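The values are calculated or read from the model by the stated rules, or taken from the named source; none is laboratory data. Just so it is clear, the model here is predicted, and its values are computed rather than measured. Here Cβ is always computed from backbone atoms with ideal geometry, including for glycine, and neighbour counts include all displayed protein chains. Please note that ligands, DNA and RNA were not included when accessible areas were found on the heavy atoms of the full protein model with its side chains. Shrake-Rupley method; radii C 1.70, N 1.55, O 1.52, S 1.80 Å.
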Amino acid sequence: MLKLYDYVLSGSAYKARLMMAILGAPYEAVPVDFYPGNEHRQPDFLDLNPAGTLPVLVDGDLVLTDSAAILTYLAGKHDPPGTWLPAGDPARLAQVVQWLAFSQSLTATAGAARLHDMINRPLDVEAARAGAHRAFRELERHLTAQAFDGNAFLVADQPTIADIACFPYVALSPDGGIAHDDYPAIRGWLDAVKRLPGFIEMPGIHALHEVRETEPGVVAMAAEAG
Amino acid sequence: MSKWVPVALADGLKPGGVMRAVVGDQDLVVWRTTAGAVNAWNNRCPHRGMRLSFGFVRGDRLACLYHGWQFGADSVCRYIPAHPDLEPPATITATVYGARERGGLIWVSLSGEGEPDMPDIAVHPVRSLAVDVAPGDLLAALRGACFPVSETWQAGSGTFSHEDLGEAVVAIDGVDGDARCRLVAAVQPLPDGRAMLHLLVDEGPDDGPHDGPAAALKLRLSDWAERLRWFLENPQATSASWTPVLVEERAA
Amino acid sequence: MSETVEKKDPARDEWYAVGISADLRPGEARETILVGEPIDIRREPGGAVIVSKSDGRACPVRERYGHVWTSIGAPDHDLFAIPEADQEGRVLVDVGAVRVRCSPLRAVENFLDIAHFPYVHTDILGAEPQTEVVPYKVHVEEAGDEVWATKVKFFQPQAAKSAEGGIVTDYKYRVPAPTTAILYKTCPPRPGEWDVITIFVQPIAEDLCDVWPWMALFDEDNSLAELIHFQQMIFLQDRSILENQVPKLLPLDPKMEIPTRADMTSVAYRRWLKRRGMTYGAQTAAA
């Protein structure tokens, strides 16, 4: 069984949770006290991941400590049609890899600004926000071009792990004082990701609250509990 | 402030969509019912002050994200989930501002008086993009802009001209390949002294029936707008005002 | 800094949590801001905690409920009691500070609110269509001058980390100080007892605060990390709400924001603040 060393407020750990939820891959979560406990910098955790970063995905003997690598593995193993990781199409695959690399600039800018604003991590926050806006402009331009071709996601005409890699720190950026008001194409893309079957939220990312089809089930659950 | 301000491409706010706009000092929520009607209100739930732009649409109602209070298109509170059997007093309302769709744009007005300063022409949406310059500077640039930046646009005199369609709307007529092309650009002042450029295109009346411009044309126009923004935001990079020649030189 | 120390000021003459005790080891120090004033917190090699202002003057200190408490004024009362903190068998959980761009009073009021559970804590603390808030009791306890809400009930799909499936949860709320709220809720593994979940709010400015959640739970099944994650998840869901309430300051004028019966605790809290003259973080006149 997959084991995810997890932190509930980590956008990077959320990438793994979101991917597993969408792919329907069962896993065991191991919560790590990242804050305030700094458990990721303690010897027990460093034995597992000397880099001291979260998330970590463990599958048998395989230990993955990078979120892009985790997404690659999950999609490669748990998506039989192979659309989330288009390994058979070199051009598509290369574009996916390119956006995975781009996602690191989101973590370093929007993600860092969020940690600063949320748990007071030391940072030149204005520089981080400016960097986030530069990255958002790049993303906005690409998503605008994609929309002209009728595509809602980053690569070609399907959602891929690139979308999962880029989604969290863009969606969470208001937590770090970076609004989405300037970016209509990004807003449309965020909604498209939220509409993916199996989508789950994390704190700071709100559900679309579309009318539920399952309301009778909820009532039944209440009756049992009562 | 009685002016109507363009805040989005009409196409950019889908049925059931909710967005935020700031006009002057006023924070607004702009939203569309699932049936398509556009509304602009004060961006504040009268219950606990939550920005309604975080809310969600159910049918012809906007619900606040915080407690789910639902407001009808007339802004009257219709439903308070904490009290499902209560008929909310009609005095619970959001503050309503003017909202219109015209010329492919969504316009709002704090006073609601008059009409947007733009003819209701049929145009196709391209995109909106924020520009870090003052609205007046963006308008001035648009009034002097042409399309030499892509090889398919015919540069040179006589192939383009400008027409003010309103106080904040400029039409630029040019040629795309062999076809006439009219670009329509509307400028929205943003609260921090910047501007939003809303870009639309009309392929011209002679093209006959069509389903809208090709993706390739939209992409050229989008790239053109990116380039316009670059020159406006990097004035030190240009020796004089932005001219087609200069663009060609810098691109080389 | 203006010199208004002599004047009675309810915001200054109050106790506030300013750090986690366990995080401040001997010889360590941290700087923070309390009610607009920079303060320095350090633990002496001998173990005592010293809090001082920028002019070197010492502030009173308490170490209780996992946190360091201090005041930049002169409190005429001791820190409130949480008797459950000393009860055998409880897990005491320091959750850590979360910074929020909001009024400290808005943070407390949100904590006292249940009607938002289905929309902000969807499928965890609440879910449509079980949105009704049935009538509950609110009173101001004269002895300690505290706001209490009792007999609160709400349907919750996953009320606590230790709860499996949905249950109707019983709640009590207690406001022992203007920026502290305590929640007592049904304790699934131990019927008859109440789990204690608090927020200690440190006002930095009128529109900025550090919120220190803290818990005293009966829970033998979950790791500390799991308990911390659960509470951080809940509070971070509230954070984007709190940062988007307009105006940022809590309106004490009843005409500014429309309450319903579900908001009785909030109404009592706002009145109580007004009566105490606690206006730091509040808007007293209609804008």
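Some notes on this structure:
- Think of the protein assembly as shown as having a plus end and a minus end, set by charges on the Cβ of Lys, Arg, Asp and Glu; of C:285, C:136, B:64, C:285 sits farthest toward the positive end of this dipole.
- With contributions of -39500 (n - 2.57) from each DSSP H run of at least four residues, the per-residue ellipticity at 222 nm computed over chain C stands at -4500 deg cm²/dmol.
- Seen through its C-alpha gyration tensor, with square-root eigenvalues sorted a ≥ b ≥ c, chain A comes out rounded because a/c lies under 1.5.
- Solvent-accessible area of residue A:7 with every protein chain in place, 1.4 Å probe, in Å² to the nearest 10: 10
- Using a probe of 1.4 Å on the protein chains alone, the accessible area found for residue C:117 is around 10 Å².
- Note on the stretch C:10-70: Cα Rg divided by 2.2 N^0.38 Å, N the number of residues, gives 1.03.
- Options A:111, A:132, A:96, ranked by Cα towards positive dipole end of the stretch A:96-137, top entry (Cβ charges): A:96
- Selected from C:216, C:225, C:127 as most flexible by GNM, with chain C as the system and alpha-carbon contacts under 10 Å: C:225
- Backbone HN-Hα couplings from phi across the stretch B:52-67 [Karplus 6.51/-1.76/1.60, Hz, Gly and Pro as x]: 6, 5, 7, x, 9, 9, 10, x, 9, 10, 9, 10, 6, 5, 5, 10
- Only helices enter this figure: runs of n ≥ 4 DSSP H residues, each worth -39500 (n - 2.57), summed and divided by the residues of chain A, yield -15500 deg cm²/dmol at 222 nm to the nearest 500.
- D_trans [Stokes-Einstein, Kirkwood Rh over alpha-carbon pairs] for the protein assembly as shown, 10 °C, 1.306 mPa s, µm² s⁻¹: 56
- Under 5 Å between amide hydrogens, built in the peptide plane, is the criterion, and for residue C:200 it picks out C:212, C:214 among residues at least 5 positions away or on other chains.
- Placing a pseudo-label 7 Å from each Cα along the Cα-to-Cβ vector at residue C:48 and residue C:101 gives an inter-label distance of 4.1 nm.
- Note on exposure: C:145, C:263 ranked by accessible area (1.4 Å probe, complete protein assembly) read C:145, C:263, with the most exposed listed first.
- Most mobile listed residue (C:202, C:156, C:130) in chain C, GNM with C-alpha springs under 10 Å: C:130
- Accessible area buried by the pairing of C and A, both sides summed with a 1.4 Å probe, works out to roughly 2500 Å².
- Euclidean distance between Cα centres, the stretch C:211-287 to the stretch A:66-103, Å: 43
- DSSP bridge orientation in chain C - percent antiparallel, rounded to nearest 5: 95
- Spatial separation of Cα centroids for the stretch B:119-133 and the stretch C:67-111, in angstrom: 51
- Separation in nanometres of the label points that stand 7 Å from Cα toward Cβ, at residue C:145 and residue C:274: 1.8
- Separation in nanometres of the label points that stand 7 Å from Cα toward Cβ, at residue A:3 and residue A:138: 3.6
- Overall shape: oblate for chain C, with the ratio a/c of the largest to smallest alpha carbon gyration tensor axis at 1.5 or above and b/c at least equal to a/b.
- Amide H contacts of residue B:102 (H built 1.01 Å from N, in plane; Pro and chain starts excluded): B:107 sit under 5 Å, all sequence-distant by 5 or more or on other chains.
- Taking every Cα-Cα distance in the stretch A:2-78 and sorting them into 10 Å bins from zero, the calculated P(r) comes out as 20, 58, 20, 2 percent.
- Taking the DSSP beta bridges with both ends in chain A, the antiparallel portion is around 60 percent.
- Most simply put, the stretch A:2-78 has about 55% antiparallel DSSP beta bridges, counting only bridges with both residues inside it.
- With θ taken as phi - 60° and the Karplus curve 6.51 cos²θ - 1.76 cosθ + 1.60 applied, the whole-hertz 3J(HN,Hα) list for the stretch C:257-264 is 9, 8, x, 10, 4, 5, 9, 4 Hz, x standing for glycine and proline.
- Peptide A:31-41, shielding by other chains (average Cβ, 10 Å cutoff): 5
- Rounded to the nearest whole Hz, the Karplus-based 3J(HN,Hα) values (6.51 cos²θ - 1.76 cosθ + 1.60, θ = phi - 60°) of the stretch C:144-155 follow the sequence x, 6, 10, 8, 10, 10, 10, 6, 8, 10, 8, 6, with x at glycine and proline.
- Total charge dipole magnitude, the protein assembly as shown, about the Cα centre, Cβ charges on Lys, Arg, Asp, Glu only, Debye to nearest 20: 920
- Rounded to the nearest 10 Å², the accessible area of residue B:56 at probe 1.4 Å: 10
- Amide proton proximity set for residue B:78, modelled H, under 5 Å, gap of 5+: B:70, B:71, B:72
- Loop-resident sites, the stretch C:7-50, for trypsin sites (Lys or Arg not before Pro), counting at most 16 other Cβ within 10 Å (DSSP): C:7, C:8
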